[in-house]
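One structure is given below, encoded as structure tokens.
The values are calculated or read from the model by the stated rules, or taken from the named source; none is laboratory data. None of these values were measured; they are calculated from a predicted model. Note that we place each Cβ from the backbone using ideal geometry, even for glycine, and neighbour counts take in every protein chain shown. These accessible areas exclude ligands, DNA and RNA; they are computed on the full protein's heavy atoms, side chains included. Shrake-Rupley method; radii C 1.70, N 1.55, O 1.52, S 1.80 Å.
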Protein chains: 2
Amino acid sequence: MKTKRIIILGAGNGGQAMAAAIALAGYEVVLYDRFEEAIAPVLQRGGIELSGVSAQGFARLAKVTTDLKEALLEKGLILVVLPAFAHAYIAEQIAPLLRRDDMIILSPGSTGGALEFRKILAERGAPTGVKVGETNTLIYACRIIGPGQVKIMGVKDYLGVAAFPAKDTEVLLEPLKEIYPQAHAEENVLFTALNNMNPIFHVFPTLANLGWIEATQGNFRFYYDGITTSVAKLVEAVDRERMMLCQSLRISTLSGIEWQKKFYGARGDALPEVLQSNRAYEEIQAPRSKETRLLTEDVPMGLVPMVEIAKIAGVPTPFMDSAILLASEIMGQDYRATGRNLDAMGLAGLNKEQLLRRVKEGD
Amino acid sequence: MKTKRIIILGAGNGGQAMAAAIALAGYEVVLYDRFEEAIAPVLQRGGIELSGVSAQGFARLAKVTTDLKEALLEKGLILVVLPAFAHAYIAEQIAPLLRRDDMIILSPGSTGGALEFRKILAERGAPTGVKVGETNTLIYACRIIGPGQVKIMGVKDYLGVAAFPAKDTEVLLEPLKEIYPQAHAEENVLFTALNNMNPIFHVFPTLANLGWIEATQGNFRFYYDGITTSVAKLVEAVDRERMMLCQSLRISTLSGIEWQKKFYGARGDALPEVLQSNRAYEEIQAPRSKETRLLTEDVPMGLVPMVEIAKIAGVPTPFMDSAILLASEIMGQDYRATGRNLDAMGLAGLNKEQLLRRVKEGD
């Protein structure tokens, strides 16, 4: 074990699960969250009780804090496990605290996370040697089930990883692979950006069930009940646009259906059937209102950067555009302006060849 | 009573209700439908038993037939009471049977009905003296409740009427006003076209409840349960586009909320509250599937002609465009191609001033 210390920024479901699992694997784990109430239960309990399909037991952490400076006092691999809309805030806060060879992995980056993160670090004068990368998905299906108690329901057996620029991927992958052998190097951050499947499976199923969600406070199963034949057609229309974009940018990908089969062992032909064969989805309820990350994260930090990148690639995205329009209207937000647009990702003004060079070389 | 004979084309809910009510008012009524099964119950019963809030009693009709030639044998005011997607078929069939001064009113015309109807009549060589007009809504809220039995639950107290061209409106209004004194002459067919409120209140509430409709076969109340706060935002967004279009073309209109208050006596501030104060909507269930006129009529014969007219007017319609895109995808139809586009309405190539002249003068 070359890496001794892992610094996890974010103490939500994913952050606590990773903190506990990594600590139980023998690492020194530092857990940070901006909000006192997020870490208070862990402090009180003196650690995290982990249950479920991964490691089980009581995990003691090296440090639990709301003080970012304190969290970064000693060197370690930094894992950012936060909703994508919090990435910019953390990047701003962390920039002055970083050392020349620090390594940061957004896990996951949503779409364009590493691009945005690095742009902010540069603007804030962080050392140029800092490495930034991202995964395309959260490693666990997990939930906080009580104060200081976390359950892991599923572990992905493949984790795509890319750094920005891509020439940094191998050096960044190395420490992560020690912890998660299922981590694999991908072409570049366009892979992780465009293989973010959340916007595909979350946004239209929420929009096409809005009335049901609001009339019943989400009293139905999101995937099992809510993704009917017609709703699935909208999911597949958005997924086709995403795949066209991957093809245009020479990024490997799977269709939503193939992805369900490969990573969840789902079976079947039509999408509703495939989703209903995914046991991990069986108990997932619909969100209780429109105030859900299925919209507040997956539209501005998922669909918006996808359509922005599609503009550079010259790929039409009418279904993604529609979803952004409708979500913006019901949320009272202008997600094209406030979301991860080309400017936020530092990609404004690039053409397709320049974009491909940028993600590879960084310039 | 100058008009003696009324010929009603279409024996659905609206056609049967109008046939019965008009017959009970002392007119000779001919009822035609293309489908044997539509008129068989009326033939068998020897007329229509009318109940509800309008006239009540047993209405004997002068003639009930599936033979259009037979229906038109004697002269009379022709009322077309059919789903909008059947207008073109009837126009084709009726063209060779018309007399020089026949008068036809589509009731309602949906959006662009009279324009399309007249274009087909001209192409098929109908006499140029034939007058064609339309109403903006069906006069009744009504239902066939048994074989030869119809119930009228509500009667609109205002009916907008316009002929194409508008110079024919007064002569066409005269016989209709004898029957329905609440009929009023409007500016031109752009009024009736753009004051078709069905696409506004039907399309997004169906799309934003797709999962609920398909998962429960529409087992919820369409207006009372399905139009929640967020769904209402989409309704109002489409309604704003419709009103912008009216303003651009100098057509009087009311907002959806004002319309609910004026014609249904609804009350309240926010749209969900207003709709839930409309007693006529209390028992209206959601459609049982996506195969509903709320999509199959209101998209191709409502939203499509609206966005087509908006192109001439230079008014952007992103929400209507989105609704057409999503509905086309789930129905497996290209509604922009198959719906009432500029070509179908005979408006292709016109600019805004030419359009305003066309609806006024006919050339």
So in chain A, what percent of DSSP beta bridges are antiparallel if you round to the nearest 5? 35 percent
In order through region A:150-165: 3J(HN,Hα) via Karplus (6.51 cos²θ - 1.76 cosθ + 1.60), integer Hz, x for Gly, Pro: 10, 10, 9, 8, x, 10, 5, 9, 8, 10, x, 10, 8, 9, 10, x
Distance in nm between pseudo-label sites at residue A:280 and residue A:354 (7 Å out along the Cβ direction from Cα): 3.8 nm
Give the aspartates and glutamates whose C-alpha is closer than 16 Å to that of residue B:69, dropping any in the same chain fewer than 8 places away, or say none. B:33, B:36, B:92, B:102
One decimal, nm, shortest first: give the distances between the label point of residue B:174 and those of the same position in the other copies, each label point 7 Å from Cα along Cα→Cβ. 9.6
Grab every C-alpha pair in chain B, bin the distances at 20 angstrom width from 0 up to the longest one, and report whole percents. 31, 61, 9
What Kirkwood Rh does the protein assembly as shown have if only Cα atoms enter the pairwise 1/r average? Answer in Å. 28.6 Å
Order of B:98-106, B:177-185, B:157-165, A:232-240 by packing, highest average Cβ count within 10 Å first? B:157-165, A:232-240, B:98-106, B:177-185
What are the residues whose amide H is under 5 Å from the amide H of residue A:79, where those residues sit 5 or more places off or on another chain and H is modelled from the backbone? A:7, A:8, A:9, A:105
Residues hit by the 20 Å² burial cutoff in region B:218-234, accessible area with a 1.4 Å probe, assembly against chain on its own, are B:228, B:230, B:233, B:234
If you roll a 1.4 Å probe over the heavy atoms of the protein chains, what accessible area per residue do you get for region B:25-126, in Å²? 42 Å²
Applied in sequence order to region A:61-68, the curve 6.51 cos²θ - 1.76 cosθ + 1.60 (Karplus, θ = phi - 60°) yields integer Hz couplings, x standing for Gly and Pro, of 9, 5, 7, 9, 8, 9, 9, 5
Over all pairs of distinct alpha carbons, what does the Kirkwood formula give as the hydrodynamic radius of region B:105-188, in Å? 13.8 Å
Region A:164-302: translational diffusion in µm²/s, Stokes-Einstein, Kirkwood Rh over Cα pairs, 4 °C, 1.567 mPa s: 79 µm²/s
Which whole-number percentage describes the relative contact order of chain A, with Cα contacts under 8 Å and a sequence gap of 6 or more? 15 percent
Counting only protein heavy atoms, what percent of the accessible surface of the protein assembly as shown is carbon or sulfur at a 1.4 Å probe? 49 percent
I'd like the Karplus ³J(HN,Hα) series for region A:178-194: coefficients 6.51, -1.76, 1.60, θ = phi - 60°, whole numbers in Hz, and an x wherever there's a Gly or Pro. 4, 7, 10, x, 7, 6, 10, 6, 10, 3, 5, 5, 5, 5, 4, 5, 8
Amide H of residue B:136: which non-local residues (sequence gap of 5 or more, or other chain) have their own amide H closer than 5 Å, using H built in the peptide plane? B:160
Cross-link candidates for residue A:261: which lysines have Cα within less than 20 Å, leaving aside residues fewer than 8 places away along the same chain? A:156, A:233
Would you please give the residues with an amide H less than 5 Å from that of residue A:347, counting only those at least 5 places away or on a separate chain, with H modeled from the backbone geometry? none
Region A:10-111: relative contact order from alpha carbon pairs under 8 Å, six or more residues apart, as a whole percent, is 28 percent
Report, for residue B:255, each distance to the same residue's label point in the other copies, shortest first and in nm; define the point 7 Å along Cα→Cβ. 4.4
Take residue A:254 and residue B:240, extend 7 Å from each Cα along the Cα→Cβ direction, and tell me the distance between the two endpoints in nm. 4.2 nm
What is the ratio of the Cα radius of gyration of region A:216-363 to 2.2 N^0.38 Å, where N is its residue count, to two decimals? 1.14
Assuming a viscosity of 1.567 mPa s and a temperature of 4 °C, what translational diffusion coefficient in µm² per second does Stokes-Einstein assign to region A:265-340, Rh being the Kirkwood radius over Cα pairs? 91 µm²/s
Debye log10 I(q)/I(0) for region B:191-230, one point scatterer per Cα, at q = 0.26, 0.33, 0.34, 0.35 Å⁻¹: -0.86, -1.15, -1.18, -1.21
Work out the mean other chain Cβ neighbour count within 10 Å for the residues of B:194-206 and drop it here as an integer. 1
The protein assembly as shown: antiparallel DSSP beta bridges as a percent of all, rounded to 5: 35 percent
Region A:1-111: radius of gyration and largest Cα-Cα distance (Dmax), Å: 13.1, 39
At a 10 angstrom cut-off on C-beta neighbours, averaged per residue, how do the peptides A:251-263, A:309-321 rank from highest to lowest? A:309-321, A:251-263
Using a 7 Å Cα-to-Cβ projection, residue A:69 label spacings across copies, nm, ascending: 9.7
Restricting to Cα pairs below 8 Å that are 6+ residues apart, what does the relative contact order work out to for region A:245-363? Please round to a whole percent. 23 percent
